[in-house]
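Take this structure first; my questions come after.
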Amino acid sequence: MTPSDGASGREGGPYHGSPRRSWRTLLGTARQILVHPRAAAAIVRARLMGKRLRARQALAALIGIDHRLSLPPAILDRFPPAPAGPGDAIRLIGDGILVTGAPERIAARFAAEPDLQALYGDALVQERIGGVVVPLLPPVFDADRLVAFDYLGPVLACRGSALDPAAAPRSPAEAAFRIAERFGPGAIGHIPELLSVRRAGRPVPPPEGAEGPASHHAIVRDHLDRTGRSAVRVAVGPDSLVQVEHPLPETRPLASLIVPTRDRLDLLRPCLESLRSCTDWPSIEILVCDNDSREPETLAFLRAFEGEGRGHVVPCPGPFNFAAMNNAAAARARGRLLVFVNNDVEAFRPDWLSRMAREALRPDVGAVGAKLLDGEGRIQHGGIVLGTGGLVTHGHRHFPGDASGYLAALRVTHAVSAVTAACLAVEADKFRAVGGFDEAVFAVDFNDVDLCLRLNADGYRTLLVPGAVLHHREAASRRWTPEARARHQREIAALKKRWGPLLVQDPHYHPGFDPDLSTHARLRPGFPEAGPTHLRRPPA
C-alpha cells in the first residue's frame with residue numbers, strides 16, 4: 001500500500017501554471033476552491049505552516065498540472081557540433097549531431113566499461129525552425145517501451161564489434177534490439193548527459209538513417225520473430241505508437257481478486273459490483289479480507305455476498321495490517337493470478353484485467369500495475385518513482401487523465417521500479433516465491449514497493465500497463481491517528497534501511513527532472529548542465 005505524496009515522506013509537488021495567468025484562469029481557480037472547500041482548507045493550512053510545496057500539491061490536486069519542459073531556441077547555440085567523431089572503433093547510428101565534448105565522453109565510457117556494447121545519452125530536439133527545443137531525457141534501456149517507439153534519441157553509439165559488420169540498422173532501436181539479443185539488455189547503457197542535438201532545418205545525412213513508424217513496426221516484428229515470439233501480435237496505433245499484444249493461454253487461468261476492507265460499504269459495494277460487472281476475464285474469484293467490520297449493514301452485505309456465491313470472505317481480525325490481510329487471502333486463493341484491489345477502486349473498462357494478465361503471465365514479469373484515475377479524472381497512479389522528494393511518489397500525479405505522459409509513459413506499457421497495490425497483478429507462484437508482502441516490517445505502507453523491489457531483485461521486471469484504467473478514490477477509507485503516524489515513520493525508516501541505494505535515483509526516471517517537485521513536471525534547476533554522472537543500465 002503506497003500512501004499519497006503528502007504522506008510518503010515528501011512535501012508533494014507543485015502546480016505549474018501557464019506563464020501568462022489570465023483573469024479567466026484565476027477566476028476558474030477561485031470557483032474550484034469554492035466547490036472544493038477541503039482542498040482549499042488544506043492549501044490554507046499548508047501556507048500557514050510554511051509548507052509551500054505541500055500547498056502547491058494541494059493546488060495541483062485541485063486544478064491539475066502539465067509539463068513545463070520546453071526550452072528557448074537559443075539554447076542550441078550553447079552546444080556547437082563536435083568537430084570529429086569518437087573514433088573508428090565506435091559506430092554511430094541515428095540522425096543526430098554529437099555536441100562538442102560528446103565524442104570524448106563516449107570514448108571514455110567504452111574504455112572504462114569493457115562489457116558495455118552500446119550507449120545513448122540525452123538530446124535536445126527542435127521540430128521546426130525557430131521553434132522551441134524539447135529535451136529528450138530517456139530512462140535506462142527498456143525493451144517494452146522501445147517496442148512502442150524509438151525513444152533512444154538521435155544517436156546510439158556502439159562498439160564496432162557489437163553488430164555484424166554487414167548489418168545496416170535502420171534506426172537506433174533496431175541496433176539496440178540486436179545488441180540486446182546478442183549480449184543481454186545490460187550491455188546497453190545510458191549517460192544522463194547531453195550528447196546530441198537534432199536541429200530543425202539543418203539535416204545532416206546520418207551514417208545509418210532512422211525511418212518512420214511503418215519501419216519501426218517492421219523492426220519490432222523482426223525482433224519478436226528473432227526472439228521466438230512470433231505469436232505476439234503487432235500493430236501501429238492511431239498515434240503512431242506500435243502496439244503489441246502478448247498471447248494468453250488457450251484456457252484462461254483463474255484470477256483471484258483480493259479486496260481488503262473494514263466496513264465502508266459505501267466504497268466496498270461499488271468496488272465489488274464493478275469487478276463483477278465490468279471485468280471481461282472469464283474465470284475469477286473474489287476474496288474480501290474483512291478486518292473486523294462492525295456496522296450491521298456491512299455484516300449483512302458480507303453474509304449475503306458469500307451466501308449467494310458471489311465470493312468468499314476471509315476474516316482478518318486484529319489491528320489493521322494491510323500486508324497481512326492480503327497475505328491471508330493469497331494463501332486461500334486458488335487462482336494462478338493474484339490481483340490485489342483496494343476497496344476504493346472501481347473498474348469501468350471491461351478489458352482492464354485481460355490487459356494486465358497478458359503482461360503478468362509473461363515468464364520474466366513480476367508485478368503489473370494499472371493506470372488509476374482520481375475522483376477528478378486525473379492521474380492518481382502512473383507507476384511508482386523512487387527517490388523523488390527523498391522517498392517515493394506516483395508518476396505523473398495530477399496530470400490530466402488523457403495525458404500522454406512524458407515519452408508516452410501514460411500510453412505504452414513500460415518498466416517501472418514499483419506499482420501500487422491498489423491494483424496489482426502477479427502470478428501466485430512468483431508472489432509466494434518471494435514470501436508475499438512483508439507484513440512484519442511494512443504492515444500498512446510501502447509493502448507494495450517492497451514487494452516489487454524484491455521481485456525485481458529475483459530477476460523479474462515490474463511493468464505499468466496504462467491500457468488498464470480504473471478509478472481510485474485514494475485514501476477515502478484511511479484515517480490518520482498519532483499511532484498511525486508513528487507507525488508510518490517507522491516504515492519510512494525501514495524502507496530507507498532496506499532499499500536506501502535504490503531510493504537515491506530511480507533508473508527508470510531521469511535525474512534531469514526537478515527531484516523536489518511532482519514527477520515529469522519541471523526540469524531540474526540549471527538544466528542541461530550536469531555534474532558528475534554515472535552510467536545507468538537496466539536492473540540485472
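The values are calculated or read from the model by the stated rules, or taken from the named source; none is laboratory data. From a predicted model like this one, the values you see are computed outputs, not experimental measurements. With ideal geometry, Cβ positions are generated from the backbone for all residues, glycine too; neighbour counts draw on all protein chains shown. To get the accessible areas, we keep the full protein, side chains included, count just its heavy atoms, and leave off ligands, DNA and RNA. Shrake-Rupley method; radii C 1.70, N 1.55, O 1.52, S 1.80 Å.
Only residues that are surrounded by fewer than 17 Cβ atoms within 10 Å (Cβ to Cβ), more than 20 Å from Val99 (Cα to Cα) and touching a residue at least 24 places away in the same chain (Cβ under 8 Å): list them for the stretch 517-540, please.
Ala540 - this is the single residue of the stretch 517-540 that is surrounded by fewer than 17 Cβ atoms within 10 Å (Cβ to Cβ), more than 20 Å from Val99 (Cα to Cα) and touching a residue at least 24 places away in the same chain (Cβ under 8 Å).
With the structure loaded, tell me whether Ala422 is surrounded by 21 or more Cβ atoms within 10 Å (Cβ to Cβ), aliphatic (A, V, I, L, M), in contact (Cβ under 8 Å) with a residue 60 or more places away in the chain and touching a helix residue (DSSP H, G or I) at 6+ places or on another chain (Cβ under 6 Å) or whether it fails that test.
no
Another question about this same structure. Pick from the stretch 365-379 the residues that are in contact with a Lys or Arg (Cβ under 7 Å, 6 or more places away or on another chain) and surrounded by 19 or more Cβ atoms within 10 Å (Cβ to Cβ): which of them is nearest to Arg454 (Cα to Cα)?
My answer is Gly366.
Which one is most open to solvent (accessible area, probe 1.4 Å), of the residues in the stretch 326-350 that are under 15 Å from Leu257 (Cβ atoms) and assigned to a loop (DSSP other than H, G, I, E, B)?
Here the residue is Arg334.
Which numbered condition in (1) at pLDDT below 95; (2) within 25 Å of Gly383 (Cα to Cα) is the only one that Ala180 fails?
(1)
Here is a follow-up. When you look at Arg362, is it open to solvent by less than 30 Å² (accessible area, probe 1.4 Å), of a type in the set (Lys, Arg) and at pLDDT 95 or above, yes or no?
Spelling it out, Arg362 is indeed open to solvent by less than 30 Å² (accessible area, probe 1.4 Å), of a type in the set (Lys, Arg) and at pLDDT 95 or above.
Also, I was wondering about something else. Can you report the number of residues in the stretch 130-144 which are surrounded by 18 or more Cβ atoms within 10 Å (Cβ to Cβ) and either more than 28 Å from Arg233 (Cα to Cα) or without any contact (Cβ under 8 Å) to a residue 40 or more places away in the chain (or both)?
Here the count works out to 4.
Can Val434 be described as open to solvent by less than 30 Å² (accessible area, probe 1.4 Å) and in contact with a helix residue (DSSP H, G or I) (Cβ under 9 Å, 6 or more places away or on another chain)?
Yes.
Additional query: Which of the residues spanning the stretch 115-137 are under 18 Å from Glu104 (Cβ atoms) and part of a loop (DSSP other than H, G, I, E, B)?
Result: Leu116, single match.
Quick check on the stretch 475-482. Is at least one of its residues open to solvent by less than 50 Å² (accessible area, probe 1.4 Å) and farther than 30 Å from Ile284 by Cα?
Within the stretch 475-482 (the criterion being open to solvent by less than 50 Å² (accessible area, probe 1.4 Å) and farther than 30 Å from Ile284 by Cα), the answer is no, since none of the residues qualifies.
Quick check on the stretch 145-168. Is at least one of its residues open to solvent by 10 Å² or more (accessible area, probe 1.4 Å) and assigned to a helix (DSSP H, G or I)?
yes
Another one. Does Asp438 fit the bill of being assigned to a loop (DSSP other than H, G, I, E, B) and closer than 27 Å to Gly64 by Cα?
no
Only one of these conditions is not met by Leu455: (1) surrounded by fewer than 21 Cβ atoms within 10 Å (Cβ to Cβ); (2) among the hydrophobic types (A, V, I, L, M, F, W, C); (3) not in a loop (DSSP other than H, G, I, E, B). Which number is it?
For Leu455, the exception is condition (1).
Just checking, which of Arg20, Arg68, Arg54, Arg78 is surrounded by fewer than 19 Cβ atoms within 10 Å (Cβ to Cβ) and at pLDDT below 55?
After ruling out the rest, the residue left standing is Arg20.
Here's a follow-up. Collect the residues in the stretch 195-215 that are open to solvent by less than 70 Å² (accessible area, probe 1.4 Å) and at pLDDT below 95, keeping them in residue-number order.
Arg199, Ala200, Gly201, Pro206, Glu208, Gly209, Ala210, Gly212, Pro213, Ser215
Tally up the residues in the stretch 81-120 that are farther than 13 Å from Cys158 by Cβ, within 29 Å of the chain's Cα centre (by Cα) and buried (at least 22 other Cβ atoms within 10 Å of the Cβ), please.
1
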